[in-house]
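Q: Sharing a structure with you now.
The values are calculated or read from the model by the stated rules, or taken from the named source; none is laboratory data. Everything numeric in this text was worked out from a predicted model, so none of it was measured. Please note: Cβ atoms are built from the backbone with ideal geometry, for glycine as well, and neighbour counts cover all protein chains shown. To get the accessible areas, we keep the full protein, side chains included, count just its heavy atoms, and leave off ligands, DNA and RNA. Shrake-Rupley method; radii C 1.70, N 1.55, O 1.52, S 1.80 Å.
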Amino acid sequence: MLIAGPLTARRGPRAPTTVGGACGALGAVIATFAQSPEVLAVGAVLTGSAGGWVWAPYSDIVTRLVPGQQRPRTLAIITTGTSSGLVALGGLAVLAAAGSWRLVWVGVALAAVVAAALNLRLVPRTRPGPHPEGRHGVSSLARALRLPAAYSVVYFAVVVICFTYSAEVLDDGDLPAAAVAALYATIGVTGVLAVTTGALVQRPGSLRVAALCLVTVAAASALLRPAGDSPVATAASACVFGAGYMTGSAVLAVWTAELVPDRASAAFTGCLVVGAVARSRRRPSPAR
């Protein structure tokens with residue numbers, strides 16, 4: 001993700017998205033044919049890096065090519081695309097359980113190739129944006145992003161806690177093995193509601209929508225404990241979490257682009273890095 005910024009400044013925002021597609025496809029192919037844990041790890045890391053290459057640069061692409069009033073909606077749709085990935089992941093998990101785990105990587109490789117081809121076909125080349133103005137540019141960017149950066153820290157922390165807590169609840173319960181795949185698919189399906197983020201922020205504003213997302217994700221975590229071994233209650237928690245989780249990431253993309261439209265990619269990347277670093281330093285302690 002950190003390398004995507006300099007590459008965008010040098011070659012334009014389509015360059016890192018192209019690299020991301022290549023990393024996703026190549027990494028998945030390596031993992032598919034891996035014969036050792038080390039090779040599998042290389043493929044998994046390379047595939048995982050695709051999101052870092054692709055996600056933030058699309059903020060620059062949207063702010064340059066899409067009219068102002070349509071940008072929030074477009075950014076929300078792009079970010080919500082992760083929901084389809086979660087649904088596909090649930091389906092691939094079922095295939096892996098019925099056959100081989102390598103089928104999951106085959107599916108990921110095919111999806112990455114399709115995404116890379118669509119990126120090259122549909123995203124036009126754009127010139128590199130203006131270079132940052134040294135320390136003054138960085139300081140002004142930091143001042144403009146104080147609120148979304150703080151939100152990113154809290155959002156990442158709450159999401160990690162929810163994922164960790166839900167994993168513990170599922171491990172302690174008597175739910176069937178297929179429940180995990182079904183929950184991922186449920187989160188993806190309900191996460192599609194995040195496409196409305198662009199319209200939502202035009203009324204109460206990005207700050208209030210972001211706060212609502214935090215409350216929603218926290219409420220989903222609170223629902224897990226009384227859920228116990230109930231598939232219905234667990235599914236309800238997943239539905240609430242999917243809506244809050246996906247809208248929470250979409251509002252961050254919309255918010256940063258609103259505040260710094262001329263450096264949307266750098267703004268979004270900065271907030272994501274701040275949130276990720278804070279998350280790594282404050283990992284939840286294991287339950288006793």
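Q: Filter the range 223-245 down to residues that are at pLDDT 90 or above and in contact with a Leu (Cβ under 7 Å, 6 or more places away or on another chain), then give me how many there are.
A: Of the residues in that region, 2 qualify.
Q: Please find, within the range 4-23, the residue that is least open to solvent (accessible area, probe 1.4 Å) out of those that are free of Cβ contacts under 8 Å to residues at least 40 places away in the same chain and more than 14 Å from Asn119 (Cβ to Cβ).
A: Taking the candidates together, the pick is Leu7.
Q: Based on this model, can you work out whether Ile78 counts as of a type in the set (A, V, I, L, M) and in contact with a Leu (Cβ under 7 Å, 6 or more places away or on another chain)?
A: In short, no.
Q: Another question, then. From the residues in the range 140-160 that are within 19 Å of the chain's Cα centre (by Cα) and among the small types (Gly, Ala, Ser), which one is least open to solvent (accessible area, probe 1.4 Å)?
A: It comes out as Ser152.
Q: Here is a list: Val195, Val189, Val232, Val277. Which entry is closer than 27 Å to Leu92 by Cβ, open to solvent by 10 Å² or more (accessible area, probe 1.4 Å) and out of contact with any helix residue (DSSP H, G or I) (no Cβ under 8 Å at 6 or more places or on another chain)?
A: Within the list Val195, Val189, Val232, Val277, the selection yields Val232.
Q: I've got another one for you. Within the range 201-222, identify whether any single residue is modelled with pLDDT under 80 and outside any helix (DSSP H, G or I), and answer yes or no.
A: For the range 201-222, residues modelled with pLDDT under 80 and outside any helix (DSSP H, G or I): absent.
Condition check ((1) more than 22 Å from Val104 (Cα to Cα); (2) crowded, with 22+ Cβ neighbours inside 10 Å) across all residues:
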| site | (1), (2) |
| --- | --- |
| Ala25 | no, yes |
| Ala41 | no, no |
| Val45 | no, no |
| Gly48 | no, no |
| Gly51 | no, no |
| Ser59 | yes, yes |
| Pro67 | yes, no |
| Arg73 | yes, no |
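Q: Quick check on Ile30: is it farther than 15 Å from Val113 by Cα and either open to solvent by less than 40 Å² (accessible area, probe 1.4 Å) or assigned to a helix (DSSP H, G or I) (or both)?
A: Values: farther than 15 Å from Val113 by Cα: no; either open to solvent by less than 40 Å² (accessible area, probe 1.4 Å) or assigned to a helix (DSSP H, G or I) (or both): yes.
When the stated conditions are applied, Ile30 does not pass them.
Q: Looking at (1) over 17 Å from the mean Cα position of the chain (by Cα); (2) surrounded by fewer than 24 Cβ atoms within 10 Å (Cβ to Cβ), find the lone condition where Ser237 falls short.
A: (2)
Q: List the pairs whose first member sits in the range 190-211 and is touching a residue at least 24 places away in the same chain (Cβ under 8 Å) and over 9 Å from Ala250 (Cα atoms), whose second member is of a type in the set (Phe, Trp, Tyr) and surrounded by 15 or more Cβ atoms within 10 Å (Cβ to Cβ), and whose Cβ atoms are under 6 Å apart, counting only residues at least 6 apart or on separate chains?
A: Note: pairs meeting the criteria are Ser206/Trp255; Ala210/Tyr151.
Q: Could I ask something else about it? So the check is Cβ under 7 Å with 6+ separation or different chains; which pairs have a first residue in the range 35-53 that's farther than 15 Å from Ala25 by Cβ and a second one that's open to solvent by less than 60 Å² (accessible area, probe 1.4 Å)?
A: That search, which allows pairs on different chains as well, returns Val39/Ile30; Leu40/Ala31; Leu40/Ala34; Gly52/Ala4.
Q: Follow-up question, since we're still on this one. How many residues does the range 98-117 hold that are open to solvent by 90 Å² or more (accessible area, probe 1.4 Å) and either at pLDDT below 75 or not in a loop (DSSP other than H, G, I, E, B) (or both)?
A: Counting residues in the range 98-117 that are open to solvent by 90 Å² or more (accessible area, probe 1.4 Å) and either at pLDDT below 75 or not in a loop (DSSP other than H, G, I, E, B) (or both) gives 2.
Q: Still on this structure: Return a yes/no flag: does the range 179-186 have any residue that is β-branched (Val, Ile, Thr), closer than 21 Å to Val62 by Cα, touching a helix residue (DSSP H, G or I) at 6+ places or on another chain (Cβ under 7 Å) and open to solvent by 30 Å² or more (accessible area, probe 1.4 Å).
A: Scanning the range 179-186 turns up no residue that is β-branched (Val, Ile, Thr), closer than 21 Å to Val62 by Cα, touching a helix residue (DSSP H, G or I) at 6+ places or on another chain (Cβ under 7 Å) and open to solvent by 30 Å² or more (accessible area, probe 1.4 Å).
Q: Right, next: With (1) closer than 19 Å to Ala112 by Cβ; (2) touching a Leu at 6+ places or on another chain (Cβ under 8 Å); (3) part of a helix (DSSP H, G or I) as the list, and Ala44 as the residue in question, which single condition is left unmet?
A: Evaluating Ala44 over (1) closer than 19 Å to Ala112 by Cβ; (2) touching a Leu at 6+ places or on another chain (Cβ under 8 Å); (3) part of a helix (DSSP H, G or I) leaves (2) as the failure.
Q: Taking the options Ala194, Ala185, name whichever one is under 18 Å from Ser83 (Cα atoms), at pLDDT 85 or above and not charged (D, E, K, R).
A: Ala194
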